[in-house]
Structure formats: C-alpha cells, structure tokens
Amino acid sequence: MRISILVLAYNIKNLVAECLLSLNRQVQVPEGCFEVIFVDDGSDDGTQERITALDLDYSLKYVYKTPDVSKCRSAARNLGVSQAGGDILLFLDGDQVVERDFIYQHWKVHQLCGEPVVVMGLRDFLAEDNRLPFSQVEDSNRSSLILERRDPRLPVIQRFSENAGNIENIWALLYSCNFSVPRVNYEEAGGFDEDFIEWGLEDCELGYRLYQQGAKFILNTQCVVLHQYHPTTYDEKKYLGWFTNLELFKHKHPTLEVELQSILGDWFDPARRKPWKDAFIRYELAVRSVKGLYNQMNSLYNVAMIHGDSAPVEEWLSRITRALESHNVLVLDYSRSDLHLLIQLVPRSYDLLYYRQPSAERVIDVMQSVAVNLSGL
C-alpha cells in the first residue's frame, strides 16, 4: 500500500514550510510507503523558492497550478491527484502541521479494516501564543503547545456517544484538511467537483457522493492535525460563498439530508452566529426525526462490557451485530484493542452507543440517560 499525501496551499509560504517539515521523521510506517504532492494554487509570494530550500527526508513533487478565472480548490486538488502514484490519497491543507505518527494513523486504519474506507482525522487549532515554529519544538515538548480550541466535531460525535458510525450525516463532517480515501473510490466518485468555485462545502459534497456509493467512514480520533495560527474571518463574504455553494449542492443532490444543511446557516451567517456544535446537532436530529430513526418500541439497551482478557474483538463484533438486529446496544470498552475503529463499521438497525475507557462518572451519566438490560450480550 502506497500513500500519496496531497498538500494544497496558496500564498502561505512560511506556514506550508512548517507543514512540509512536520512530515519529516514519520514513524511506524514502512520505508518509502508514501510520497508528498505539493500543489501550489497559483502563489506569487515565493512559495516555490521557500520549499525548494527545505531539508526533507521524503519524496516531494512540486505542482504549480496556473491561476485562471475558474480558480478553485477542487481543480487544484484534482490536478494534484493526477500527478500522484499512490493507491491511497491523503489530503492535508498547507496551513496544518502533523505529529510523527500522522501517516501511520491513516495507514493502520486502511490496513485494519480489510475493506475500502474513508478515514477522517481531527483538526485542533494552535493559539497565537506559540512563538516557536512547530519544526523547532522537540517531540517531548509537543504537549506544552497552547491550543486555542479543539476540533468542534469532537463534541458533536460525543453527543451521540463515541461511535462516529452513529452519525447519520457523517459525510457532512468530512473536511479536506485531514482525510484519506482509496484512489479507486475517489475516481469512481469523480473526484472533487470543480463547479464549486466559492468557499466551502466542496469537501462535504465529495463526502456525500462517496456516501451515496456505499463508502464506510471511520473517524480516527488519534489522528490529529494542528492548524497553525493565522488571522481568519468568517464574514459576510465568506457566508455568501458558503450559501452559493450550498445552493449548488442542493441543485446537484435534491435530497432531504442535503436540503436540511440550511440549518448550519445558523453558524455561517454572521448576523446569527450561533454555536456550530448546536447547529450541527440540530441538523443531525432533524434528519433522524424525518427518517424516523431510533424511535424503536424496544427502548432497552443491551450492554456489552469489554475488558482486555475477555473475548477477541472479532467475537465481540459478531455479538454486537447480532444484538443490533433487535435491540439498542451500549458498549463500554475497557480493552486496548482497535474496537473503537472497527465498531464504526458495524451495520445497525438500532442505536449503537460506544464509550472507550469511560470513567465511573461517565458510566453513571450514561446509565441514567438510557434504560439498560443488565443481562448483557
């Protein structure tokens, strides 16, 4: 398995230099298993000269996209893919930096699942107070970095337990800053849609097409990129770009779940600017309600409490799958296995709540919120 990392940037030469340097000394992946394709989306700030001078320990291909009237991120990413040789495509924005196990955290999920999956990671935001360039921060001091905020998708997932497979609109959480997909699935979906010229939603729209084709999505919460601080604004212009792309999205896919994305305007519209987490949860609940999901007559949750010395993961997955044919299931996982990843692939007709290494307080909260069948699985 060979991974092609697609890095996209425009006029952020110092940020992208840190991004590329952070890909040095990657651990736990076979030697030569990846390449990096850097797509320069028409920069005129000396980006090429800046990255040419970098000391990198991996293969880097520089691709320059000549500016034109139809300039858009979708076209730039598709151009990068056309130059890539890997069978897994890993997308990374040029203003992110990564940990030493970044590639491994994607690679291991594709290896583990035994079937094509879309792997999503998280994105945390570094605060302005971090003075040293990321490349000069020793590995042992990474934990001292100051975060401005965590990825807002994390509390959304936790609202519906820690099983991202429980999210009906999981495709709407696909962000181009940190995700990977088998090349064959990307090409069958048609790649990024180059009709999306304005800001936003081109990645979610690709996610929707992959979802419609039956792709399974896995969120690996251990795969986190760090967004380097730089001034950003969510103003009226950006909102109008998002709204324009939303209308195009709805035109291309006239379905209920796409239409209901309008709820997210509560956050994107600067005149309203309600919390994004609240807007997405309302969106998720609206889709569930209209589809009549999780309103089963049998409201009891069968409980699976998993410890390291209990049955193998494969056996637990089989038990859980069988139980989900007729019951809601609550999984409390105290093992150190990869169940937190594989649980997201379990097909379900009922609700599947999952918690990894939950505290006693968390267990009490969960038990008080649902009715459980203490006989277990």
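Each value in this text was obtained by applying a stated rule to the coordinates, not by laboratory testing. No experiment lies behind these values; they were computed from the predicted model shown. Note: ideal-geometry Cβ built from the backbone for every residue, glycine included; neighbour counts use all protein chains shown.
For K61, the lysines whose Cα comes closer than 25 Å to its Cα, not counting residues fewer than 8 places off in the same chain, are K13, K71, K108. Which of these, R131, R273, R356, has the largest mean-square fluctuation under a Gaussian network model of the chain (Cα springs below 10 Å)? Evaluated over the chain, the most mobile residue of the options is R131.
Looking at the square roots a ≥ b ≥ c of the eigenvalues of the Cα gyration tensor of the range 41-100, which shape do they give, rounded for a/c under 1.5, prolate if a/b is larger than b/c, or oblate?
Since a/c reaches 1.5 but b/c is at least a/b, the shape of the range 41-100 is classed as oblate.
Ignoring everything except DSSP H segments at least 4 long, calculate the 222 nm mean residue ellipticity for the chain; use -39,500 (n - 2.57) per segment, divide by total residues, nearest 500. Display every interim value, and only then the final one.
On the way: 14 runs with 129 residues, N = 377.
Result for the chain, helices only: -9500 deg cm²/dmol.
Of all lysines in the structure, the ones whose alpha carbon falls short of 29 Å from that of K274, not counting any fewer than 8 places away in one chain, are K237, K238, K250, K252, K291. From largest to smallest, the equivalent ellipsoid semi-axes obtained for the range 3-232 from the alpha-carbon gyration tensor read 25, 22, 18 Å.
For R50, R150, which order do you get if you count the other beta carbons within 10 Å of each Cβ and list the fewest first?
Details: R50 16, R150 13.
Least to most surrounded, the residues fall as R150, R50.
Taking a ≥ b ≥ c as the square roots of the eigenvalues of the Cα gyration tensor, an a/c ratio below 1.5 marks the range 188-300 as rounded. The gain in end-to-end length when the V372 to I281 segment is fully stretched comes to 30.3 nm, 0.36 nm per residue minus the alpha carbon separation.
With the Cα gyration tensor of the range 301-373 giving a ≥ b ≥ c as the square roots of its eigenvalues, does the rule (a/c under 1.5 for rounded; else a/b larger than b/c for prolate; else oblate) give rounded, prolate or oblate? All intermediate terms of the calculation are to be shown ahead of the outcome.
On the way: a/c = 1.80, a/b = 1.07, b/c = 1.69.
It comes out oblate by the Cα gyration axes.
Here the residues H340, H230, H327, H253, ranked from fewest to most Cβ neighbours within 10 Å of their Cβ, fall in the order H230, H253, H327, H340.
Could you work out the percent of alpha carbon pairs in the range 25-125 separated by over 20 Å, rounded to a whole number? If you can, show how the numbers build up before the last one.
Working: 2357 of 5050 pairs.
Counting pairs separated by more than 20 Å, the tail of P(r) holds 47 percent.
The slack in the chain from S144 to L240, taken as 0.36 nm per residue of separation less the alpha-carbon distance, amounts to 30.8 nm. Sequence-distant contacts, meaning Cα pairs under 8 Å at least 6 residues apart, place the relative contact order of the range 301-373 at 39 percent. Run the Debye formula on the Cα coordinates of the range 68-192, all scatterers equal and no solvent, and tell me log10 I(q)/I(0) at q = 0.10, 0.12, 0.15 1/Å. Debye intensities relative to I(0), on a log10 scale: -0.40, -0.58, -0.90.
Using the Cα atoms of the range 233-293 to build a convex hull, what is its mean projected area in square nanometres? Don't jump to the answer; show the numbers that get you there.
On the way: hull surface 16.7 nm².
Averaged projected area of the range 233-293's Cα convex hull equals 4.2 nm².
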